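Heads up: the structure comes next, in structure tokens.
What follows is calculated from the coordinates using simple rules that are stated; it is not laboratory data. Computed from a predicted model, the values in this text were never measured in an experiment. Reconstructed Cβ throughout: ideal geometry from the backbone, glycine too, with neighbour counts over all protein chains shown.
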Amino acid sequence: MNMNSDSNDSDISTNLHLTRVSKLVDTWCGCHGLLYADSQLKDQNVYTWRAAPLSLLPLPYPYKAYKFVKDLQPIINKLIDKLSRDKDFLVDTLNVIAKTDDFTNRLLQIYEEVDDTVIRESVQLGLHRSDYMLNSDGDYEKPLQIEMNTIASSFGCLSNKVTSMHKYILERLNKDNIAWDVAKQQLEYPFNSAAITSESVPDNLSTRMLAFGIAMAHLVFGDNQAIVLFVVQPGERNVADQRLLAEELWNSHNIRTEFITLSEVTSKCHVDTNKVLQYKIDEDSRHDQKVSVVYYRAGYGPSDYPSNTEWNARKIIELSSAIKCPSIGYQLAGTKKVQQVLCEDNILERYLNPIESQLLRECFAAQFSLGSMATSQSLEAMKNAISDGSKWVLKPQREGGGNNYYGKELSNFLNDHKTDPTLSEYILMQRIFPKIKNSIFLRNGNIDILPSINELGIYGTFLGDGSENPLVNTYSGYLLRTKPYGVDEGGVATGYSVLNSIALLDKVDEIVEYELDDEEIEMGISKS
Ligand code: ADP
Ligand code: MG
């Protein structure tokens with residue numbers, strides 16, 4: 001690791017100048033809501049906050065790769081919508097898994113209770129995030145998709161703040177040569193170039209665009225007295241990210257929100273005779289509020305459903321007239337299994353035109369089915385993964401991090417479960433190997449300079465009714481997460497990864513061309 005030659009201090013984490021800059025960042029976070037709620041709440045109703053885990057500086061990112069995945073997002077949005085409305089495909093694809101996985105089974109059961117016409121024609125809102133790593137092949141870095149998130153895609157609002165923080169800190173550093181030099185010495189990539197300025201960090205409109213999607217859905221629902229219901233987890237720490245979205249809905253669209261957990265739904269909500277979801281403000285039913293949109297930041301994993309109460313809640317909402325973000329169809333379309341099946345021949349072409357299919361396939365890493373659904377190719381891949389797990393990732397049908405197998409553990413697991421029918425629940429994926437790059441991590445007041453790898457998330461907003469002309473289908477901002485090299489899973493909530501943003505050094509002039517102006521946001525149109 002490089003040492004700062006201007007400092008007598010041999011430990012860079014306590015370097016005077018970096019500490020000075022990190023304090024600036026910390027106070028910026030406090031002033032602007034770039035915060036995480038502490039795990040220890042002082043009391044039930046009062047949060048204590050700390051700055052979200054961050055990278056001090058943005059990551060130089062190849063413009064071409066960014067533009068490619070950004071332009072793919074409307075295609076992905078459209079694909080998810082079409083998949084969610086293809087009942088035969090989803091049921092056929094997930095039935096085998098449902099036999100042994102209760103979680104998938106229960107989602108599928110509710111999905112099958114929804115009227116066929118509703119599945120085909122109802123208005124659906126998607127606030128998705130498609131994640132990528134740059135697979136490194138010599139000097140060439142190619143974005144490959146890690147996964148598509150169709151439920152509770154988080155960090156939209158915090159990522160927006162991170163971008164603003166990075167623009168601010170770059171402006172400060174450009175007037176603070178000593179601190180800038182110390183920071184640059186820790187980073188091998190082109191930080192020595194003068195090109196890195198606040199303008200090289202592309203604007204990130206995620207908060208506005210995600211709120212815009214919800215506001216458009218609310219408009220389509222057609223009752224401006226209605227509220228938007230956020231379904232959240234009890235004890236959530238990523239509170240600011242959620243509340244900032246609610247703030248934006250209020251400030252820009254005059255839309256009120258209420259927050260509720262899945263376990264509270266059955267006591268606080270009911271569906272009236274017109275299938276309208278009603279939210280109880282108090283004991284007087286005349287005060288009940290209609291719900292236009294239900295936005296889930298919970299419900300993506302089995303731990304969100306400790307009892308039948310939560311499953312009932314999900315069903316009540318799904319069968320109501322509220323616009324669900326996401327519908328269960330969207331959630332099922334985002335499963336790991338569906339993503340693996342999309343890699344098979346001639347599946348994408350059912351939903352996308354040949355050019356769109358070809359473009360999307362460009363970012364697919366190899367994925368294989370297992371267990372009773374194994375093909376000769378997957379058996380070959382499995383053999384390979386058993387003898388050397390380092391080039392593979394084994395994924396169950398789970399979301400939210402911490403569920404995958406890697407390396408030796410993966411080989412052992414596959415070997416032990418070769419003949420187990422539950423192996424069908426897993427998919428085997430080619431491991432993506434990004435270049436390792438140093439980053440300056442700011443976590444809980446500590447500074448660490450760590451070799452790390454990066455995952456870019458692209459947000460997308462979709463609102464449509466199954467017809468060929470969606471009301472909204474657009475790219476909606478980005479998120480970069482940076483995790484220390486050697487950590488398989490990562491995760492910002494778990495304290496490993498940090499939030500980051502990108503700096504486009506190679507084609508600064510074109511960045512502006514791809515920003516949305518206010519008028520376009522109003523119209524829900526993206527230039528890309
Ligand atoms: P989850 O739904 O739990 O977020 P992911 O598919 O995103 O599941 O996997 C979790 C993490 O594991 C990712 O954020 C990434 O760091 C790592 N990961 C997943 N797939 C791959 C892959 N093919 N190659 C390298 N790392 C991967
Ligand atoms: Mg993920």
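So for the pair residue 494, residue 92, with labels modelled 7 Å out along Cα→Cβ, what separation do we get in nm?
The answer from the label model is 3.6 nm.
Grab the other residues whose beta carbon is less than 12 angstrom from that of residue 408, score K and R as +1, D and E as -1, and report the net. Could the numbers behind the result be given before it?
Numbers: positive: none; negative: 388, 409, 488.
Once all neighbours under 12 Å are counted, the net charge is -3.
Would you mind ranking 104, 27, 474 by Cβ crowding within 10 Å, fewest neighbours first?
Taking fewest neighbouring Cβ atoms as first place, the list is 27, 104, 474.
How high is the relative contact order of the chain? Use alpha-carbon pairs under 8 Å, at least six apart in sequence, and give a whole percent. Before the final figure, lay out each step's value.
Numbers: 1032 pairs, mean separation 131.7, N = 528.
Relative CO of the chain lands at 25 percent.
Which cross-chain or sequence-distant (5 or more) residues have an amide H under 5 Å from the amide H of residue 322, H modelled 1.01 Å from N in plane?
Amide H to amide H, under 5 Å and 5 or more residues apart or across chains, residue 322 pairs with 277.
Quick one: which residues, 5+ away or cross-chain, put their amide H under 5 Å from the amide H of residue 59? H built at 1.01 Å from N.
It is 501, 502, 503, by chain and number.
Restricting to bridges with both residues inside the chain, how much of the DSSP beta-bridge set is antiparallel, in percent to the nearest 5? Write down the numbers at each step before the final one.
Details: 59 of 75 bridges.
Within the chain, antiparallel bridges account for around 80 percent of the total.
Step through the residues of region 202-216 one at a time and calculate ³J(HN,Hα) from phi using the Karplus curve (6.51 cos²θ - 1.76 cosθ + 1.60, θ = phi - 60°), rounding each to whole Hz and writing x for Gly and Pro.
Computed from phi, the couplings for region 202-216 are x, 4, 10, 9, 4, 4, 4, 6, 5, 5, 4, x, 5, 5, 5 Hz.
Lys and Arg at +1, Asp and Glu at -1: add these up for the other residues within a Cβ distance under 10 Å of residue 24 and post the number.
Values: positive: 20, 23, 172; negative: 26, 176.
Around residue 24, the surrounding residues sum to +1.
Which cross-chain or sequence-distant (5 or more) residues have an amide H under 5 Å from the amide H of residue 296, H modelled 1.01 Å from N in plane?
152, 231, 325
Separation between the residue 168 and residue 390 pseudo-spin-labels, each 7 Å from Cα along Cα→Cβ, expressed in nm?
Rounded to a tenth, the inter-label distance reads 4.3 nm.
Could you work out the relative contact order of region 129-235, using alpha carbon pairs under 8 angstrom and six or more residues apart, expressed as a whole percent? List each step's numbers first, then the result.
On the way: 68 pairs, mean separation 22.9, N = 107.
Result for region 129-235 is 21 percent.
Do any chymotrypsin sites (Phe, Trp or Tyr not before Pro) in region 450-494 lie in a loop, going by DSSP, with at most 16 other beta-carbon atoms within 10 Å of their beta carbon, and if so which? Mind dumping the intermediate values first?
On the way: sites: 459, 462, 475, 478, 485; in loops: 485.
For chymotrypsin sites (Phe, Trp or Tyr not before Pro) across region 450-494 that sit outside H, G, I, E and B with at most 16 neighbouring Cβ atoms in 10 Å, the list reads 485.
Between residue 219 and residue 281, what is 0.36 nm times their sequence separation minus the Cα-Cα distance? Round to one decimal in nm. Each step should come with its number before you reach the end.
Working: separation 62, 0.36 × 62 = 22.32 nm, distance 2.20 nm.
Extra length from residue 219 to residue 281 when fully extended: 20.1 nm.
If you plug each phi of region 394-407 into the Karplus form 6.51 cos²θ - 1.76 cosθ + 1.60 with θ = phi - 60°, what whole-Hz ³J(HN,Hα) values come out, in order, with x for Gly and Pro?
Ordered by residue, 3J(HN,Hα) equals 9, 10, x, 7, 10, 10, x, x, x, 10, 8, 10, 9, x Hz.
Kindly provide the helix-only [θ] at 222 nm of the chain, computed as the sum of -39,500 (n - 2.57) over DSSP H runs of four or more divided by all residues, to the nearest 500 deg cm²/dmol? Let's see the in-between values first.
Working: 18 runs with 199 residues, N = 528.
Dividing the helical sum by the residues of the chain leaves -11500 deg cm²/dmol.
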